[in-house]
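Written below as C-alpha cells is the structure these notes are about.
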Amino acid sequence: MKYNLLNKADRLGRKSPDCWLFLFQKIIDLERGDYALKGKIHSVETVGLVDGPGVRTVLFFQGCGLRCKYCHNPDTWDLQAGKEMDVAEIIKKLKRYQPYYGKTGGVTCSGGEPLLQVEFLIELFKECKRNNISTCLDTAGYGKGDYKELLEYTDLVIFDVKHYIPEKYRELTGGNFSVPTEFLEAVKKSGTPVWIRHVVVPNITDSEEHIRGLENYIATIPNVKKVELLPYHTLGVSKYENMGISYPLKDVPNMDKEKTKILQNMITNNIL
Ligand code: SF4
C-alpha cells in the first residue's frame, strides 16, 4: 500500500492541495482500520436480479457453519478457501456498477454465510452507506457478533428460514436453532425490513400443515415485507460429485413448481 500511496501522491503533485486531501483521507481510512480487515469472498456476481430489489452486485461470502441437506453451494462451506478482499477493493468494484443500481439496487452480501464475518461486514456496509450504496444481507442467521451495529447499516435483510421447529432444524441443517433465533431477535429489535425465504422440499417442507406452521412463525416478525417460497431443485448435485462427497437428498425429486405457487398464494394471502 505504501508504494501505491507514494505513486498516487506523485501523480497528484506532492505539494498540491489534491495530494494533501488524498493523504488526509488515507489517514482517516487507516484510523478506521478499513485496510486491516479482509473478507473471505467466494465469488462476485456483478449484475444480479434475484437477490433483493433492483439490479444488485452480489458478494458470495466464503464459509458456512450449516450443512443444509439441500445446499447447492457446498463449495462455499470452507472458511479457509475463497479469495481475500478488502473493503476498499470491493467499494471500488461496486462504484463501477453503481450507475446500474438506480433507486432500488445496490449490493447484496450472500453466501455461504456472511454472518461468519460480521466485523468485515460492518466495515463494508458502513463504507457502502458513505457511498450511497444500498445494502442487503442475505443470510440464514448462522453467525455471531455485533448484530446491532451491523443492522444499523443494513437496508434489507433476506432471512432464509430453514425450519421453525428446533429438532427439524437440526435434522435438516445440522445446526442449533438458538443461533438464528438470536439473530432474528436482533432483527426484530432493529426494525430493519425483512424478506423471508424458505425452500420447499418434497416430503420435508411441502405440506399444508408445514406451511401453516411457517405462517405462525413469520407472524411473530413484525418487520416482514415479503415472503418467498423457493422450489427445491437438484442443480447443485454435480458439485457434490466433483467434491467427492455424497449428496444427502439423492432420491428427492425437484419440487413441483405449480404446487409451490399454490403454497405461495396461501401464505401471501394470509400474511401480507
Ligand atoms: S446456509 Fe446456505 S450455504 Fe450454508 S449449508 Fe445452508 S444452503 Fe448451504
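Expressed as an acute angle from 0 to 90° and rounded to the nearest 10, what is the orientation of the C-alpha long axis of helix 118-130 relative to the principal long axis of the chain? With both axes taken from Cα atoms, the answer is about 60 degrees. Computed from Cα atoms, the angle from the helix 257-271 axis to the main principal axis of the chain rounds to 80 degrees. Beyond a 19 Å Cα-Cα separation, which of these cross-linked pairs lie in this structure: Lys95/Lys126; Lys38/Lys83; Lys69/Lys259? Lys69/Lys259, as the Cα separations exceed 19 Å there. Ordered by the number of other Cβ atoms lying within 10 Å of each residue's own Cβ, fewest first, Glu119, Glu84, Glu127 fall into the sequence Glu84, Glu119, Glu127. For the chain, the list of Cys residues with no other Cys C-beta under 4.7 Å reads Cys19, Cys64, Cys109, Cys128, Cys136. One compactness figure for segment 39-271 is 0.99, namely its Cα radius of gyration divided by 2.2 N^0.38 Å.
Along segment 93-109 the Karplus relation, 6.51 cos²θ - 1.76 cosθ + 1.60 evaluated at θ = phi - 60°, assigns HN-Hα couplings of 5, 5, 5, 5, 9, 3, x, 7, 5, x, 7, 10, x, x, 10, 10, 9 Hz to successive residues, with x for each Gly and Pro.
With only the Cα atoms considered, segment 104-172 has a convex hull volume of 90 Å³ per residue. Note on Arg67, Arg130: ascending count of other Cβ atoms within 10 Å places them as Arg130, Arg67, the fewest first. GNM remark for the chain: springs join alpha carbons under 10 Å apart, and the peak mean-square fluctuation among Leu229, Leu49, Leu94 falls on Leu49.
Label-to-label distance, Thr220 versus Leu37, with points set 7 angstrom from Cα along the beta-carbon direction: 3.0 nm. Of the trypsin sites (Lys or Arg not before Pro) found in segment 212-253, those in coil by DSSP whose Cβ has at most 16 other Cβ atoms within 10 Å are Lys250. Subtracting the Cα-Cα distance of Ser178 and Asn203 from 0.36 nm times their residue separation leaves 6.5 nm of extension gain.
All of the numbers you see were taken from the coordinates with simple rules; none came from a lab. Computed from a prediction, not measured in an experiment: that's the story for all the values here. For neighbour counting, all protein chains shown are included, and Cβ atoms are generated from backbone atoms with ideal geometry for every residue, glycine included.
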